[in-house]
Amino acid sequence: MPLAYYSRAATQEFWSEHWADEDVDHLVRIASVSPLTTLIEGALPSAGRILEAGCGLGQYVILLRERGRRVTGADWSLDALRRCRGAAPSTPVAVMDLARLAVKTGALSAYVSLGVVEHDAAGPGAIVAEAARVLAPGGTLLLSVPYWNGTRRLLTPHLIRAGCQIRAAGGEFYQFAFTRREVQAFLEAQGLRVISFHPYDPARMWRKRFTGLAASLGPGGESTGGRNGAGPAAPARREPLARAVLKRLLYSPVSLRLFGHMILAVATKP
């Protein structure tokens, strides 16, 4: 069973409020230098139609189109999509139910989902099944969810107790965190073949807990302003030695498995 978190339900109203203070142009600039963007671009096919399902304010749709990709965005928040179009009027975005996409079967070369499916209390099955339907044979799926990493595994009894207390006090389901095995299972259940996993954003929990570490990291996180982002990405400039060393430690394979807040799965449709 995935690890459940409770606070406030991730409704349309919740996301409209969540995006209210974000600036689309700023999010595009962050995405342009984010390590997550490098992972995404490295996994996308060289050509073909791409859908970002659950695009929010559309910063990735805007950025990837600027870089020559044929990307369309879909989200259930009309407010978010209006703001995306306000920043980039020609951006193709549409309101859709991600479990019933207005897309032809087999029409897409790639499907991107960043921090979305974990918010469905019924589990990711319906959304992933629809993703598999709209992908062409040989198409690529990129999907990220909160990672039930090594640290969360150690803290599991505490996290479960805390969740029960929040729920008892009236808290609602917010999201799941998943292990690699769980992600692989729900993707394979829809006929997709997992190629690779990439944990990312290892600094999120540290920034929350240690102000000094956050200051030393400065703008060196991986957020793209997405649903599960964690601060702006590093600008392209020379870093102080201490920050560079710290980032190298945080982004080592061991640290990513222990502390990666999110995990990106890359899969294909046979």
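All of the numbers you see were taken from the coordinates with simple rules; none came from a lab. Just so it is clear, the structure is predicted and the values come from calculations on it, not from any experiment. Neighbour counts run over all protein chains shown; Cβ positions are idealised from the backbone, glycine included.
Quick look at the values:
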| quantity | calculated |
| --- | --- |
| Lone unmet requirement of (1) within 30 Å of Ser196 (Cα to Cα); (2) free of Cβ contacts under 8 Å to residues at least 24 places away in the same chain for Val112 | (2) |
| Matching residues in the stretch 55-87 - criterion: being of a type in the set (A, V, I, L, M) and either closer than 24 Å to Gly191 by Cα or surrounded by 20 or more Cβ atoms within 10 Å (Cβ to Cβ) (or both) | Leu57, Val61, Ile62, Leu63, Leu64, Val71, Ala74, Ala80, Leu81 |
| Unique match (being closer than 19 Å to Glu17 by Cα, crowded, with 16+ Cβ neighbours inside 10 Å and of a type in the set (A, V, I, L, M)) among Leu108, Leu114, Leu51 | Leu114 |
| Residue match in the stretch 127-147 (condition: in contact with an Asp or Glu (Cβ under 6 Å, 6 or more places away or on another chain), buried (at least 19 other Cβ atoms within 10 Å of the Cβ) and over 30 Å from Val254 (Cβ atoms)) | no |
